[in-house]
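Asks: Below are the structure tokens for one structure; questions will follow.
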Amino acid sequence: MFSLRTAQPAQSLFRAATNTHSTSLPRSAIAARSFATVQSDIFKPTKYGGKYTVTLIPGDGIGTEVAESVKTIFKADNVPIEWEQVDVSGLDAGNKHSEDLFKESIASLKRNKLGLKGILHTPVERSGHQSFNVALRQELDIYASIVLIKNIPGYKTRHDNVDLCIIRENTEGEYSGLEHQSVSGVVESLKIITRAKSERIAKFAFSFALANNRKKVTCIHKANIMKLADGLFRSTFHKVAESYPTLETNDMIVDNASMQAVARPQQFDVMVMPNLYGGILSNVGAALVGGPGIVPGCNMGRDVAVFEPGCRHVGLDIKGKDQANPTALILSGSMLLPHLGSQ
């Protein structure tokens, strides 16, 4: 349905996503720049000759293929964007050339403020190398990940009327990268949770809910076991909730949330959680609405916003086979447009 073989369905989907009067993907599903910060003018994208310069990182695997789909559609719709492409890769991470390209991508994003990104590969077997995906978020402090889990009309899945948003804290938790082997056969991995960052992501989630006419925010945690770390995240959430009396709030243990998401996803609206749980539930959510090729997302900070598919699947096994679904990156691109003043 959304194969690279046909450009028209994808282009129609793009138009539906950016049309505020469309019933296919309502305006409430598209992130606006005010969601990243309390200041409305924090993002000032680079603009030359009537066009905005946006960093493009195609990523590994199917990244180049789906990025070409986005460029084709944006050009056909006369979107005023000039792409500054940086071909950084996680496949060769660790060598000097890859490290230099990664630094170039950081500089480009700092300069342009906005980026569209595919997924960078992180080898499971390689030790001593931090994921470029994680490093990018930490380096730029793009602390809030937004993943939109929503049925696409005409694409039949097991559940109907799914429309939820997963917001995860991007810069701490288990992904802090603080691991070491104390003695042979014993590894210590530190999970970092701070009140400051828990408060920041909670405020972001509540602000997002208000701006998008959402009604409920649910905190996902494991405070029954990790009483200090997740206990701090949960208590901070409820403290912040006191400032948003018009929104319904509750919290749920991640085990139960995973089961409830599969059994009755319609009960959820906005979900906010630490890093690891967000990665897992985003993939569960993607399965509910059609898979990783369907789900868009973005990563927001005070100074930079990077838009990328909500599920981080590289697709090395289908690279070059014309089987890649570009929908997730196309919709992620459509989420970028309000930052340019385009509707």
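Asks: Counting only residues 5 or more places away or on other chains, whose amide H sits under 5 Å from the amide H of Asp251 once H atoms are built in the peptide plane?
Replies: Cys219
Asks: Something else about it: Charges only on Cβ, +1 for Lys and Arg, -1 for Asp and Glu: so what's the dipole of the range 55-122 about the Cα centre, in debye to the nearest 20?
Replies: Roughly 300 debye, rounded to the nearest 20.
Asks: Of Pro274, Gly341, Gly310, which is farthest towards the positive pole of the range 234-343's charge dipole, taken about the Cα centre with +1 and -1 on the beta-carbons of Lys, Arg and Asp, Glu respectively?
Replies: Most positive-ward Cα: Gly310.
Asks: If the chain between Asp87 and Ala211 were fully stretched, how many nm would it gain, using 0.36 nm times the residue separation less the Cα-Cα distance?
Replies: Full extension from Asp87 to Ala211 adds 41.2 nm.
Asks: Per-residue HN-Hα couplings for the range 187-202, Karplus 6.51 cos²θ - 1.76 cosθ + 1.60 at θ = phi - 60°, whole Hz, x for Gly and Pro?
Replies: Once θ is set to phi - 60°, the couplings for the range 187-202 become 10, 10, 10, 9, 9, 10, 10, 10, 5, 4, 6, 5, 5, 4, 6, 5 Hz.
Asks: For Asp160 and Asp100, calculate 0.36 nm times their separation in residues minus their Cα-Cα distance, and state this gained length in nm to one decimal.
Replies: Net length gain for the segment: 17.0 nm.
Asks: Ok, one more. List the trypsin sites (Lys or Arg not before Pro) within the range 255-343 that DSSP assigns to loop and that have no more than 12 neighbouring Cβ atoms inside 10 Å.
Replies: Taking the range 255-343 and a limit of 12 other Cβ atoms within 10 Å, the loop trypsin sites (Lys or Arg not before Pro) found are Lys321.
Asks: If you don't mind, another one. What list of ³J(HN,Hα) values in whole Hz, one per residue of the range 137-147 in order, does the Karplus curve 6.51 cos²θ - 1.76 cosθ + 1.60 (θ = phi - 60°) give from phi, with Gly and Pro shown as x?
Replies: My calculation for the range 137-147 gives 5, 6, 5, 9, 6, 8, 7, 10, 9, 10, 10 Hz in order.
Asks: Checking the a/c ratio against 1.5 first, then a/b against b/c, what shape does the Cα gyration tensor give for the range 137-241?
Replies: prolate
Asks: Need one number: nm distance between label points at Leu316 and His238, each 7 Å from Cα along Cα→Cβ, rounded to one decimal.
Replies: Going by the 7 Å Cα→Cβ label model, 4.4 nm.
Asks: For Lys47, go through the lysines and keep the ones whose alpha-carbon is under 23 Å away, minus same-chain ones fewer than eight residues off.
Replies: Lys71, Lys75, Lys103, Lys110, Lys113, Lys117
Asks: Find how much the distance from Lys227 to Tyr48 grows on full extension, using 0.36 nm per residue of separation minus their present alpha carbon separation; answer in nm with one decimal.
Replies: Here the answer is 59.3 nm.
Asks: State, to one decimal in nm, how far the label point of Gln266 lies from the label point of Lys75, with both points 7 Å from Cα in the Cβ direction.
Replies: Reported label-point gap for Gln266 and Lys75 is 4.4 nm.
Asks: Related question: Just name one of Tyr155, Leu120, Ser189: the one whose Cα is farthest towards the positive end of the charge dipole of the range 102-206 (beta-carbon charges, Lys/Arg +1, Asp/Glu -1).
Replies: Checked the options; the winner is Tyr155.
Laboratory data are not the source of any read-out in this text; all were calculated from the coordinates shown. Just so it is clear, the structure is predicted and the values come from calculations on it, not from any experiment. All Cβ positions, even for glycine, are placed from backbone atoms using ideal geometry, and neighbour counts span all protein chains on display.
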